[in-house]
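Here is the structure we will look at.
The values are calculated or read from the model by the stated rules, or taken from the named source; none is laboratory data. Just so we're clear, the structure is a prediction, and the values are computed from it rather than from any experiment. All Cβ positions, glycine included, derive from the backbone under ideal geometry; neighbour counts span all protein chains shown. Accessible surface is based on the protein model in full, side chains and every heavy atom, while ligands, DNA and RNA are left aside. Shrake-Rupley method; radii C 1.70, N 1.55, O 1.52, S 1.80 Å.
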Amino acid sequence: MEAAEPEDSAVAERLLTSSLRTSYDPVVEIDWDAPHTPGAYWLPPHRSSLYGTALWSGLREEQRVELTKHEVASTASAGLWFETILMQMLIRHYYDADPTSPRAQYALTEVADECRHSIMFGRLIEAMGCPVYRADPFDHLLGRFLKATASGPRMYAAILVAEEILDAFQREIMADESLQPLIRMVSRIHVVEEARHVRFARDELARQVAAAGPVGMAYARLLVGRAAHSIANRLVHPDAYAAVGIPPAVGRAAARANPYWQATLRWSAARVHDHLAGVGLVGGPGRLLWARAGLI
Ligand SMILES: [Fe+2]
Ligand SMILES: [Fe+2]
(Lines give C-alpha, C1' and ligand atoms only; values in the text may rest on other atoms or scores of the structure.)
(Ligands and ions follow the chains in the order given, each with its own letter.)
Protein backbone atom coordinates (compact mmCIF):
# COMPACT_ATOMS: atom_id res chain seq x y z
CA MET A 1 0.00 0.00 0.00
CA GLU A 2 1.51 3.29 -0.91
CA ALA A 3 0.64 6.23 1.31
CA ALA A 4 0.90 8.80 -1.47
CA GLU A 5 1.88 11.85 0.57
CA PRO A 6 -1.50 12.44 2.20
CA GLU A 7 -0.88 16.19 2.81
CA ASP A 8 -0.22 16.58 -0.91
CA SER A 9 -3.87 16.36 -1.86
CA ALA A 10 -5.55 17.38 1.41
CA VAL A 11 -6.46 20.87 0.14
CA ALA A 12 -7.80 19.55 -3.17
CA GLU A 13 -9.90 16.91 -1.41
CA ARG A 14 -11.43 19.49 0.90
CA LEU A 15 -12.17 21.80 -2.03
CA LEU A 16 -13.82 18.97 -3.98
CA THR A 17 -16.14 18.30 -1.04
CA SER A 18 -16.90 21.99 -0.65
CA SER A 19 -17.64 22.29 -4.41
CA LEU A 20 -20.18 19.51 -4.05
CA ARG A 21 -21.95 21.40 -1.26
CA THR A 22 -21.96 24.95 -2.64
CA SER A 23 -21.86 25.40 -6.38
CA TYR A 24 -24.26 27.51 -8.38
CA ASP A 25 -25.67 27.43 -11.86
CA PRO A 26 -26.22 31.12 -12.57
CA VAL A 27 -28.40 30.36 -15.60
CA VAL A 28 -31.13 28.96 -13.30
CA GLU A 29 -30.14 30.69 -10.05
CA ILE A 30 -30.48 34.27 -11.31
CA ASP A 31 -33.65 35.94 -12.58
CA TRP A 32 -32.13 37.52 -15.66
CA ASP A 33 -35.35 39.20 -16.75
CA ALA A 34 -36.05 40.95 -13.43
CA PRO A 35 -36.32 44.72 -13.90
CA HIS A 36 -33.39 46.79 -12.61
CA THR A 37 -33.90 49.00 -9.54
CA PRO A 38 -34.32 52.62 -10.72
CA GLY A 39 -31.60 54.90 -9.34
CA ALA A 40 -29.51 52.11 -7.76
CA TYR A 41 -25.78 52.08 -8.45
CA TRP A 42 -23.97 49.06 -9.92
CA LEU A 43 -20.80 49.73 -7.96
CA PRO A 44 -20.45 51.66 -4.68
CA PRO A 45 -20.06 55.22 -6.05
CA HIS A 46 -16.79 55.73 -4.15
CA ARG A 47 -15.32 52.85 -6.23
CA SER A 48 -16.06 54.58 -9.52
CA SER A 49 -12.83 55.56 -11.26
CA LEU A 50 -14.05 59.16 -11.55
CA TYR A 51 -15.46 59.54 -8.01
CA GLY A 52 -14.33 62.82 -6.48
CA THR A 53 -13.12 64.36 -9.74
CA ALA A 54 -14.40 67.50 -11.48
CA LEU A 55 -15.83 65.22 -14.19
CA TRP A 56 -17.85 63.36 -11.52
CA SER A 57 -19.20 66.67 -10.18
CA GLY A 58 -20.28 67.56 -13.70
CA LEU A 59 -22.40 64.40 -14.10
CA ARG A 60 -26.08 64.22 -13.24
CA GLU A 61 -27.09 61.52 -10.74
CA GLU A 62 -28.47 59.20 -13.45
CA GLN A 63 -25.23 59.59 -15.45
CA ARG A 64 -23.21 58.56 -12.40
CA VAL A 65 -25.35 55.42 -12.10
CA GLU A 66 -24.88 54.82 -15.83
CA LEU A 67 -21.11 55.21 -15.51
CA THR A 68 -20.92 52.58 -12.73
CA LYS A 69 -22.96 50.25 -14.96
CA HIS A 70 -20.43 50.58 -17.77
CA GLU A 71 -17.54 50.25 -15.32
CA VAL A 72 -19.06 46.96 -14.12
CA ALA A 73 -19.52 45.82 -17.75
CA SER A 74 -15.89 46.66 -18.40
CA THR A 75 -14.71 44.69 -15.36
CA ALA A 76 -16.98 41.77 -16.30
CA SER A 77 -15.48 41.84 -19.81
CA ALA A 78 -11.99 41.74 -18.33
CA GLY A 79 -13.06 38.93 -15.97
CA LEU A 80 -14.41 36.92 -18.87
CA TRP A 81 -11.27 37.45 -20.90
CA PHE A 82 -9.10 36.33 -18.04
CA GLU A 83 -11.26 33.30 -17.27
CA THR A 84 -10.83 32.18 -20.89
CA ILE A 85 -7.06 32.39 -20.47
CA LEU A 86 -7.26 30.65 -17.09
CA MET A 87 -9.37 27.74 -18.34
CA GLN A 88 -6.88 27.05 -21.11
CA MET A 89 -3.93 27.21 -18.70
CA LEU A 90 -5.62 24.73 -16.35
CA ILE A 91 -6.57 22.35 -19.16
CA ARG A 92 -3.04 22.51 -20.54
CA HIS A 93 -1.71 21.70 -17.08
CA TYR A 94 -4.22 18.85 -16.72
CA TYR A 95 -2.97 17.30 -19.98
CA ASP A 96 0.11 16.03 -18.13
CA ALA A 97 -1.61 15.25 -14.82
CA ASP A 98 -2.81 11.98 -13.29
CA PRO A 99 -6.59 12.05 -13.89
CA THR A 100 -7.20 9.99 -10.73
CA SER A 101 -5.52 12.54 -8.43
CA PRO A 102 -7.68 14.95 -6.37
CA ARG A 103 -5.52 17.88 -7.51
CA ALA A 104 -6.16 17.14 -11.17
CA GLN A 105 -9.84 16.61 -10.47
CA TYR A 106 -10.06 19.88 -8.58
CA ALA A 107 -8.37 21.69 -11.50
CA LEU A 108 -11.14 20.35 -13.76
CA THR A 109 -13.79 21.34 -11.20
CA GLU A 110 -12.37 24.86 -11.33
CA VAL A 111 -12.62 24.85 -15.12
CA ALA A 112 -16.27 23.82 -14.76
CA ASP A 113 -16.83 26.74 -12.34
CA GLU A 114 -15.18 29.15 -14.77
CA CYS A 115 -17.35 27.89 -17.65
CA ARG A 116 -20.43 28.85 -15.63
CA HIS A 117 -18.87 32.17 -14.57
CA SER A 118 -18.08 33.18 -18.12
CA ILE A 119 -21.67 32.45 -19.15
CA MET A 120 -22.80 34.46 -16.12
CA PHE A 121 -20.63 37.48 -17.02
CA GLY A 122 -21.80 37.26 -20.63
CA ARG A 123 -25.43 37.26 -19.47
CA LEU A 124 -24.70 40.13 -17.09
CA ILE A 125 -23.28 42.32 -19.86
CA GLU A 126 -26.26 41.43 -22.04
CA ALA A 127 -28.78 42.14 -19.23
CA MET A 128 -27.16 45.52 -18.53
CA GLY A 129 -27.43 46.41 -22.22
CA CYS A 130 -23.73 47.27 -22.35
CA PRO A 131 -21.11 46.51 -24.98
CA VAL A 132 -18.37 43.92 -24.38
CA TYR A 133 -15.28 45.97 -23.57
CA ARG A 134 -12.50 43.98 -25.18
CA ALA A 135 -8.78 44.00 -24.40
CA ASP A 136 -6.68 46.11 -26.76
CA PRO A 137 -4.80 44.19 -29.49
CA PHE A 138 -1.52 44.15 -27.52
CA ASP A 139 -3.05 42.71 -24.32
CA HIS A 140 -5.12 40.33 -26.42
CA LEU A 141 -1.89 39.03 -27.93
CA LEU A 142 -0.22 38.91 -24.52
CA GLY A 143 -3.14 36.84 -23.23
CA ARG A 144 -2.78 34.47 -26.17
CA PHE A 145 0.90 34.05 -25.30
CA LEU A 146 0.19 33.54 -21.59
CA LYS A 147 -2.52 30.94 -22.09
CA ALA A 148 -0.30 29.02 -24.51
CA THR A 149 2.91 29.05 -22.50
CA ALA A 150 2.49 29.89 -18.80
CA SER A 151 3.38 27.20 -16.29
CA GLY A 152 5.14 27.03 -12.93
CA PRO A 153 4.87 29.90 -10.44
CA ARG A 154 3.93 32.53 -13.03
CA MET A 155 0.81 30.63 -14.05
CA TYR A 156 -0.77 30.43 -10.59
CA ALA A 157 0.53 33.86 -9.58
CA ALA A 158 -1.14 35.45 -12.61
CA ILE A 159 -4.33 33.56 -11.75
CA LEU A 160 -4.20 34.92 -8.19
CA VAL A 161 -3.68 38.51 -9.29
CA ALA A 162 -6.76 38.47 -11.50
CA GLU A 163 -8.95 36.54 -9.08
CA GLU A 164 -8.05 38.48 -5.95
CA ILE A 165 -8.34 41.97 -7.46
CA LEU A 166 -11.83 41.20 -8.80
CA ASP A 167 -12.70 39.51 -5.52
CA ALA A 168 -12.00 42.66 -3.49
CA PHE A 169 -14.60 44.60 -5.52
CA GLN A 170 -17.13 41.77 -5.46
CA ARG A 171 -16.98 41.26 -1.68
CA GLU A 172 -17.82 44.91 -1.19
CA ILE A 173 -20.61 44.80 -3.80
CA MET A 174 -22.32 41.72 -2.35
CA ALA A 175 -22.42 43.32 1.12
CA ASP A 176 -23.86 46.65 -0.06
CA GLU A 177 -27.67 46.52 0.04
CA SER A 178 -28.05 49.83 -1.78
CA LEU A 179 -26.71 48.38 -5.04
CA GLN A 180 -28.56 46.69 -7.93
CA PRO A 181 -29.77 43.20 -6.84
CA LEU A 182 -28.45 41.65 -10.08
CA ILE A 183 -24.83 42.66 -9.54
CA ARG A 184 -25.01 41.69 -5.85
CA MET A 185 -26.20 38.17 -6.77
CA VAL A 186 -23.57 37.75 -9.51
CA SER A 187 -20.91 38.91 -7.04
CA ARG A 188 -22.11 36.55 -4.31
CA ILE A 189 -21.96 33.49 -6.57
CA HIS A 190 -18.54 34.48 -7.82
CA VAL A 191 -17.11 35.20 -4.35
CA VAL A 192 -18.20 31.80 -2.96
CA GLU A 193 -16.61 29.82 -5.79
CA GLU A 194 -13.55 32.04 -6.18
CA ALA A 195 -12.65 31.57 -2.51
CA ARG A 196 -11.93 27.94 -3.39
CA HIS A 197 -9.95 28.90 -6.50
CA VAL A 198 -7.79 31.28 -4.47
CA ARG A 199 -7.16 28.58 -1.85
CA PHE A 200 -6.19 26.07 -4.55
CA ALA A 201 -3.96 28.51 -6.45
CA ARG A 202 -2.11 29.48 -3.25
CA ASP A 203 -1.52 25.82 -2.47
CA GLU A 204 -0.27 25.03 -5.98
CA LEU A 205 1.80 28.20 -6.07
CA ALA A 206 3.65 27.29 -2.86
CA ARG A 207 4.61 23.95 -4.43
CA GLN A 208 5.80 25.57 -7.65
CA VAL A 209 7.78 28.28 -5.89
CA ALA A 210 9.55 25.56 -3.90
CA ALA A 211 10.43 23.77 -7.13
CA ALA A 212 11.48 26.85 -9.15
CA GLY A 213 15.10 27.93 -9.63
CA PRO A 214 16.36 31.54 -9.51
CA VAL A 215 15.94 32.09 -13.26
CA GLY A 216 12.37 30.80 -13.23
CA MET A 217 11.55 33.03 -10.25
CA ALA A 218 13.06 36.12 -11.92
CA TYR A 219 11.07 35.47 -15.10
CA ALA A 220 7.95 34.86 -12.98
CA ARG A 221 8.39 38.19 -11.15
CA LEU A 222 8.55 40.02 -14.46
CA LEU A 223 5.61 38.21 -16.02
CA VAL A 224 3.46 38.56 -12.90
CA GLY A 225 4.22 42.30 -12.83
CA ARG A 226 3.17 42.55 -16.48
CA ALA A 227 -0.03 40.59 -15.80
CA ALA A 228 -0.85 42.81 -12.79
CA HIS A 229 -0.22 45.90 -14.92
CA SER A 230 -2.51 44.74 -17.70
CA ILE A 231 -5.29 43.67 -15.30
CA ALA A 232 -5.22 47.02 -13.45
CA ASN A 233 -5.28 48.89 -16.75
CA ARG A 234 -8.16 46.86 -18.06
CA LEU A 235 -10.48 47.23 -15.06
CA VAL A 236 -12.06 50.31 -16.62
CA HIS A 237 -11.91 50.38 -20.40
CA PRO A 238 -11.57 53.99 -21.61
CA ASP A 239 -14.59 53.58 -23.90
CA ALA A 240 -16.78 53.18 -20.77
CA TYR A 241 -16.52 56.96 -20.26
CA ALA A 242 -18.05 57.60 -23.67
CA ALA A 243 -21.32 56.12 -22.33
CA VAL A 244 -21.78 59.29 -20.27
CA GLY A 245 -20.43 61.68 -22.90
CA ILE A 246 -16.83 61.87 -21.64
CA PRO A 247 -14.15 61.40 -24.32
CA PRO A 248 -12.28 58.14 -23.49
CA ALA A 249 -8.83 59.77 -23.29
CA VAL A 250 -10.15 62.54 -21.02
CA GLY A 251 -11.85 60.04 -18.69
CA ARG A 252 -8.81 57.81 -18.53
CA ALA A 253 -6.46 60.71 -17.73
CA ALA A 254 -8.81 61.94 -14.99
CA ALA A 255 -9.04 58.44 -13.47
CA ARG A 256 -5.25 58.03 -13.49
CA ALA A 257 -4.79 61.32 -11.67
CA ASN A 258 -7.67 60.66 -9.25
CA PRO A 259 -6.40 60.03 -5.68
CA TYR A 260 -9.63 58.14 -4.81
CA TRP A 261 -9.14 55.77 -7.74
CA GLN A 262 -5.44 55.37 -6.91
CA ALA A 263 -6.46 54.38 -3.36
CA THR A 264 -9.06 51.95 -4.74
CA LEU A 265 -6.46 50.24 -6.95
CA ARG A 266 -4.05 49.82 -4.02
CA TRP A 267 -6.91 48.58 -1.82
CA SER A 268 -7.96 45.99 -4.42
CA ALA A 269 -4.43 44.63 -4.81
CA ALA A 270 -3.28 44.75 -1.18
CA ARG A 271 -4.10 41.15 -0.27
CA VAL A 272 -2.64 39.50 -3.38
CA HIS A 273 0.39 41.78 -3.40
CA ASP A 274 1.25 40.90 0.20
CA HIS A 275 0.84 37.21 -0.50
CA LEU A 276 2.96 37.23 -3.65
CA ALA A 277 5.60 39.45 -2.06
CA GLY A 278 5.70 37.00 0.84
CA VAL A 279 6.62 34.11 -1.48
CA GLY A 280 9.21 36.16 -3.39
CA LEU A 281 7.20 36.91 -6.51
CA VAL A 282 7.26 40.71 -6.36
CA GLY A 283 10.60 42.36 -7.04
CA GLY A 284 13.08 43.61 -9.64
CA PRO A 285 11.68 45.13 -12.84
CA GLY A 286 8.39 43.32 -12.17
CA ARG A 287 7.86 45.46 -9.07
CA LEU A 288 8.13 48.61 -11.21
CA LEU A 289 5.21 47.36 -13.25
CA TRP A 290 3.09 46.94 -10.10
CA ALA A 291 4.01 50.51 -9.17
CA ARG A 292 3.39 51.91 -12.66
CA ALA A 293 -0.05 50.31 -12.65
CA GLY A 294 -0.76 52.12 -9.37
CA LEU A 295 -1.25 48.84 -7.49
CA ILE A 296 1.39 49.62 -4.85
FE1 LIG B 1 -14.56 33.00 -12.14
FE1 LIG C 1 -11.68 31.54 -10.57
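Could you give the accessible area per residue of the stretch 103-249, probe 1.4 Å, as a whole number in Å²?
37
Exactly which chymotrypsin sites (Phe, Trp or Tyr not before Pro) in the stretch 65-106 are in a DSSP loop and have at most 11 other Cβ atoms within 10 Å?
Numbers: sites: 81, 82, 94, 95, 106; in loops: 95.
The qualifying sites are 95.
Determine, from the Cβ-Cβ distance of residue 14 and residue 270 and an R0 of 30 Å, the FRET efficiency 1/(1 + (r/R0)^6), rounded to the nearest 0.05. Computed FRET efficiency for residue 14 and residue 270 comes out at 0.70. Across the stretch 28-39, computed HN-Hα scalar couplings (Karplus, 6.51 cos²θ - 1.76 cosθ + 1.60, θ = phi - 60°) run 9, 6, 10, 7, 5, 8, 4, x, 6, 7, x, x Hz from first to last residue, x flagging Gly and Pro. Using θ = phi - 60° in the Karplus curve 6.51 cos²θ - 1.76 cosθ + 1.60, the 3J(HN,Hα) couplings for the stretch 226-240 round to 5, 5, 4, 4, 6, 5, 4, 5, 8, 4, 10, 5, x, 5, 4 Hz; x is entered for Gly and Pro.
Summarising the label geometry, the points placed 7 Å from Cα in the beta-carbon direction at residue 54 and residue 32 lie 4.3 nm from one another.
Farthest towards the positive end of the charge dipole of the chain, among the residues 112, 288, 42, is the Cα of 288, using unit charges on the Cβ of Lys, Arg, Asp and Glu. Heavy-atom accessible area for residue 55, with the other protein chains in place and a 1.4 Å probe, reaches approximately 50 Å².
Identify the residues of the stretch 265-295 with backbone N under 20 Å of a label point that sits 7 angstrom from the Cα of residue 171 along the Cα-to-Cβ direction, or state none. Those under the cut-off are 265-279, 295. Loop exposure criterion: GluC sites (Glu not before Pro), DSSP state outside H, G, I, E and B, at most 16 other Cβ atoms within 10 Å. Applied to the chain, the longest stretch between such sites is 3-176.
If R0 is taken as 25 Å, the Cβ-Cβ distance between residue 138 and residue 95 corresponds to a FRET efficiency of 0.35.
Helix content alone sets the calculated 222 nm mean residue ellipticity of the chain: runs of n ≥ 4 DSSP H residues at -39500 (n - 2.57) each, divided across all residues, give -24000 deg cm²/dmol.
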